Structures are given as C-alpha cells and as structure tokens.
Amino acid sequence: MAEVALHNVTKRFDEVDAVRGISLNIPDKEFVVLVGPSGCGKSTTLRMIAGLEEVTAGDIVIGGDVVNDVPPKDRDIAMVFQNYALYPHMTVFENMSFGLKLRRIPKPEIRARVEHAAKILDITDLLGRRPKQLSGGQRQRVAMGRAIVRNPKVFLFDEPLSNLDAKLRVQMRTEIKRVHQKVKTTTVYVTHDQVEAMTLADRVVVMNAGRIEQVGRPHDLYHMPKTRFVAGFIGSPAMNLLPGRLEQNGEGLKLRLSEELAFPVPESRVARYRQSAGKDLTFGLRPEHITEPRGEGRDPRSEFTATLDVVEPMGMETMVYFSVNGAEICARVEPSAATGPGEPMRLYANLNHMHLIDPETDLVL
Amino acid sequence: MTASVAIADRPRLAVGASLKRNRRWALVTSYVFLILFAIFFLTPPYYMIVTSLKTDAEVAHMATNPWIIANGITFEQYRLLFQGTDFLIYFKNTVIVTLCVVAITMVVSVLAAFSLSRMRFWGSGILATGIFLTYLVPDTLLFIPLFQIVRGLGLLNSYWSMVLVYPTLTVPFCTWIMIGYFQSIPKELDEAALIDGAGHMQMLLKIFIPVALPGIIAATIFAFTVSWAAFVYPIAFLFSADQQVLTVGTVTSLIKADVYKWGMLMAGALVAAAPPLVVYAFLMDYYIAGLTAGATKG
C-alpha cells in the first residue's frame, strides 16, 4: 500500500510534448481514473508510473521514494493491459505465478496466493487452461489475478475493458470495483470512456493535450466543471454548448441566445455573473436540464417551442434534437411528451443548472 | 402472402443452383491442376527410385523402358554405395557440419533478432536492414574472399571451414525471419514480463522463445536445408574424400570423367534427400506458420 505522487512530470517524444508538467497526489488506497481523449497523455502518464517510459523532467514518487530511475520490476507495481498480455504458452496458474516464481517465493506460498486470487475472481476452475481457451472476460480476470497475486503497492490499469463487448464491460467494471473494495490497493486506471471513469473512481483526473484539466470527485466534475473541455467531455450525451450574450435585465440578467430566444438568469446566479454582463459567452446546459415543462416552481419565461430534427426513443427517456442558431441541442424528455421529427415541441430550460464559459479563457465562470 | 413466398423462393433457388455449379467447377479445376502439379514434381523422385533399384546392366540397356523395372528389384546399388564408396563418411561429415551450423545460426540469430526487434538502441533499424542486405550477396561472389579467409585460418580442406562459412548464408536470413516474428509478438507481453520481474535474458528464454517457436522452427529448417544442400563452398574449399560432404562427395566420387554411375547416383541422392524430407514432414505446419508471420509483420 502506498501513495503515488507526480511532481511536474513531463514526457517528450522527439519534438512532441506528450505530457506537459503535470502534478498529482494520489493518497493510499485511492482509486484514481485518468480520463481524456486519444493522445491526451493519460496512457503515457500511466506508463511513466509503471517505469515503461522514462520521465523527461519531474519526479514520480511511489511510497515516499522517487522512482524515476527504478526499473519496473523494483517499483512494486502491477499492471493490467488493454489486450490482457497473458503469456499464451502458459496456463492460467503459470501466468499468475510467473512474477512470484521470478521473485523466488516458496512454492507453497505461490500456490496459496494464486488460489486466493483465483477465489476472489471466481476463476479457480480455469487454473489449468491456456489463454486461448478463455473468453475475453475470463482473460481479463486472469490479467487482474496476475496483478493481485503480487500484492503490489499500486495497481495500474491501462484501458482494461476496451476490448470487451458492451455487456461484459459493465460486468467487469463492477468486478473491478468489487476487487478494489476487497484488496484496497492504490489504483491508477486509464480510460477514454467517461462513464467508466465516473462509475469507478474515487477521484477523476481529466486530461487534455498533455495537461490536467481538472481533478475531482465524479459528482463535482459533472456538476461543477472548471473548464469548457471538462464541461463538454464529462457526461453522455455531452453538455449542450452554444454562444450567447449576457444582457442587463432591470435588476437581473438575461441570457440571449438568438433574436427570438432569451432566458432570464435565475436570481441565485445573478451576483456570480453580474460582472460579465454585456459579454459574449458560451452557454452550457446538460440535456437532462432541457425537458418538457415540468416541476411546480419552474419559471414560465424559460419555456420555449422548438421544431424537432431527430427523436431517439431510449425506453426510459427520449432524446430529442433541435437547432438554435445553427447549433444542435439535445434535450432529455419523457417518452410520452415527445412529438415527432419536424413537429414543434414545448420545452423548458432549467437554468438553475446553467454554466457560463468565458470563450477567451475557456474557464467556467 | 403465399404468392409473395413463392415469388421470393424462385430466384433464391436459382442462385443456390448456380453457386453449387460454380463450386463444382472450382473443385474440378483445382483437382486437375493439383494432379498435374503432383505428377510434375513426383516424376523425378519416381525416376530416381526406379533407377536406384535396377542393376547397372539394365540402366545401361538402351532398349528397356527407363520408367519401369523390367529385370526385378535389386538393392545392389545401395550395398555398393554404402560398402564400396565413402558415402557414409560424407554423410557423417554433413551431419556434423549441419548440426553445428544450425546450432550456431540459431544462437546468433535468436539473440540478434531479439535485440534488433525489442531493445531500442542507436542504429538498430539500419543494422537490421544491413543484415538482410548481406543475405542478398550471392555465395558465388563471396566464395573468393572467403577462400582467402579460410586459407588464412588454416581451415582449407577441412569440413570445419563449412561450419565457419555456412552461417554467412544462414544467419542473415534467419535473423530476418525472426525479427519479423518477434515484432509480431505484442509489445505488452514483454512489458508484462518486465513488470513481473523478468530481465532481458529471462524474457527471451521464458517468453519470446516459447511464443516464437513456429518462427524459430522455420528458421531452423531453413538453416538445416541451406547447410545440408550447399554446393559452391564445399566444391571450392574441400578436396579430399575424408573431409567431403554429401552434395559434392556423391558427385565427385560417382562421376568419373564421362562415366556416370547412375544407379548409385540415384541411390545416393535418395538417401541424401531423406533427412530433409523427414524434417519437413514433421515440422511443415510450424514452417508455414513461421514464414507467414514473418512475411506479414516483417
């Protein structure tokens, strides 16, 4: 068990800066997920923690020791790879015990550790099989078992569920969470799937273009994004972002999105946004906050009518899409309330959950 | 409803019949060409077997049909070959040379391929290409400078010189085959081994060699074949019968001026061809798997 800390870590490949001076503290037993689009530097960061990539500048600290020059085998970490990386010529038992054998751990202890890990992961019956005789989910369990038996200070997961089908991915996600609750080892998990990040993490680290955009609990990232990138990246479907102008409206404020469409800013937000009055800003509102008119205390001035372009029934809810000033907007409505494509629908924007982003700094106000 | 089913069924039946006919024609064509191919390639061995089982008199008799044994089967040619010539010495020399060459080739090639494909170091890419380019230099060009080297080392007319020079042919190609094969092994496998605590040598011995076994066997077969069948180097470097290998020894001892001992030549060639045949028969699947991986990833 150990803390992991990154101090101004940079990684440069030839002329390309993959990671640009990131700093991060991961306390003992925490489950941290690095999430971001392809090429954002999350996998490179993980590989630097593992020792598979050299650090160009900065320090990586595991359990209080700077490990920049320590080879992977001496960092006391275990890693689960996207394509499992199981040794194809070895049985499941041999795969799981390989690292222990190399460390000259006595045979009875190896057997006990492997059997214990197999029990946790429910793969005891598979110990005699080879990887090619296993399904994708079983292989992923074995890869996790190989990490667990080592009893390392830190678990590293590099997009471990990307190769699984959607149903299995959800199952394995729960499995990983269950295992972490049992073994409570510090975990760094990399994924590009923000749903995975939100469901698994104690804290999520959102990365973009080699930098950390925001670190926080999943709930905080979702409801209080600090940058335009985080606002747009976290959440599925993504937050609606469209240009607007903040105007004075007597004592209050008004957000104008087009000639015809303007919403009053809720009183609770006026003080926060007052100094931005008169500015062109980016308005952000999640699809679940644009609904059919509902709720007792709603402001009728935030109701509007839109002609729907696309209607997507999802069962529990229906996603409807329409345009405002050329920008596509998604709303999440009750299935019974949705009209058809090409038809008008009365909608309500709950601005109590609105975000305003300064287009010059891309920071949320 | 019924009418629409009937209409839908009709074209489907027609398509099915056409597919069946196409498949039958494809099969017939395949068999015709396979049979022609088999006849073409099995004719020489058949001719060799038939000739090796005849007496010298029957072989020399121009009036008899060369494709059949008219005067009864005899193993006289084989008895004479083993007892009356140095064939068994050639065979022993060839076995020694081949085993040594295969061993040297595999040790050097596996280590070279592993380092070139996996251990990033300055110039590794150029070195890998350079190794392959050396394979492109034909042995008919190389044997003159190699002659000087072999003479300088005092190994002229010694089959140990073959152990020295054959790897110049086998190592580059085998290294190239195995670079391709090693590159096809996912990089995560060695990273997993590194994290598990393996050093480079343990990674090679415990992960790479077992996983790349088809490629290694393909390379072994290639080294074996080249070494077993080489002709230019032994004819240039070896002079006396006790040092000679099969390819040159059989020809020089059984062809005297314009006198060809056809029966023994055929018997010798058949016996000489047996070991590669056995090796290929047992390892053919690995050979194909190895070459395919090398071809697509190299």
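Computed from the coordinates by the stated procedures, all read-outs in this text should not be read as laboratory data. Owing to the predicted nature of the structure, the values given are computational and were not obtained by experimental measurement. Here the Cβ is made from the backbone with ideal geometry for all residues, glycine too, and neighbour counts use every protein chain on show.
For the reader, a short list of remarks on this structure follows.
- Rounded FRET efficiency, nearest 0.05, which uses the C-beta distance separating A:Asn8 from B:Met201 and R0 of 45 Å: 0.80
- Residue exposure sequence - B:Asp196, A:Asp122, B:Asp190 - by fewest surrounding Cβ within 10 Å: A:Asp122, B:Asp190, B:Asp196
- Helix-only arithmetic for the protein assembly as shown: the sum of -39500 (n - 2.57) across DSSP H runs with n ≥ 4, divided by the residue total, places the mean residue ellipticity at 222 nm at -15500 deg cm²/dmol.
- Total charge dipole magnitude, segment A:7-52, about the Cα centre, Cβ charges on Lys, Arg, Asp, Glu only, Debye to nearest 20: 40 debye
- Distance (nanometres) between label positions extended 7 Å along Cα→Cβ at B:Met119 and A:Arg104: 2.3 nm
- Gain in span if fully extended, A:Ser135 to A:Glu303, counting 0.36 nm per residue against the direct Cα distance: 55.3 nm
- Computed E for B:Trp67/A:Lys167 - FRET, C-beta separation, R0 51 angstrom, nearest 0.05: 0.15
- At R0 = 35 Å, FRET efficiency that the Cβ-Cβ distance of B:Lys256 and B:Leu277 yields, to 0.05: 0.80
- Beta bridges by DSSP in the protein assembly as shown, antiparallel share as percent, to the nearest 5: 75 percent
- In plain terms, the residue of A:Lys153, B:Lys92, B:Lys256 with the fewest other Cβ atoms within 10 Å comes first and the most crowded comes last, giving B:Lys256, B:Lys92, A:Lys153.
- Relative contact order of segment B:192-267, defined on C-alpha pairs under 8 angstrom at six or more residues apart (%): 16 percent
- For the protein assembly as shown: rounded, prolate or oblate by the Cα gyration tensor [a/c cutoff 1.5]: prolate
- The charge dipole of chain A, taken about its Cα centre with unit charges on the Cβ atoms of Lys, Arg (+1), Asp and Glu (-1) only, comes to about 1780 debye.
- Whether chain B is rounded, prolate or oblate, judged on the alpha carbon gyration tensor where a/c under 1.5 counts as rounded: oblate
- Loop-resident trypsin sites (Lys or Arg not before Pro) (DSSP state other than H, G, I, E or B) in segment B:117-221 with no more than 10 further Cβ atoms inside 10 Å of their Cβ: B:Arg120.
- Averaging the sequence gap over all C-alpha pairs within less than 8 Å and six or more residues apart, then dividing by the number of residues, gives chain B a relative contact order of 28 percent.
- 10 Å beta-carbon shell around A:Phe322, net charge (K/R +1, D/E -1): -2
- Potential lengthening between A:Met316 and A:Asn25 on full extension [0.36 nm per residue; Cα-Cα distance subtracted]: 100.8 nm
- Residue range of chain B that is longest and free of chymotrypsin sites (Phe, Trp or Tyr not before Pro) which are both DSSP loop and sparsely packed (at most 15 other C-beta within 10 Å): B:123-230
- Within chain A, longest stretch free of exposed GluC sites (Glu not before Pro) [DSSP loop, at most 12 other beta carbons within 10 Å]: A:55-250
- Charge-dipole axis of chain B as Lys and Arg at +1 and Asp and Glu at -1 on Cβ define it, positive-most pick from B:Ser227, B:Leu277, B:Met266: B:Leu277
- Comparing A:Met224, A:Met96, A:Met79 in a Gaussian network model of chain A (Cα springs below 10 Å), the most mobile by mean-square fluctuation is A:Met224.
- Dipole magnitude for segment A:2-102: computed about the Cα centre from +1 point charges on Lys and Arg Cβ and -1 point charges on Asp and Glu Cβ, it is near 280 debye.
- Model label points for B:Asp242 and A:Ala337, set 7 angstrom from Cα along the Cα-to-Cβ axis, are 10.4 nm apart.
- Cα gyration tensor shape for segment A:59-175, rounded if a/c is under 1.5, else prolate or oblate: oblate
- With contacts taken as Cα pairs under 8 Å at a separation of at least 6 residues, chain A carries a relative contact order of 15 percent.
- Of the DSSP H helices in chain B, those whose Cα atoms cover at least 27 Å axially and whose Kyte score averages -1.0 or more: B:2-52, B:87-118, B:262-297
- Were the residues from B:Ala103 through B:Phe33 laid out at 0.36 nm apart, the gain over their Cα-Cα distance would be 21.3 nm.
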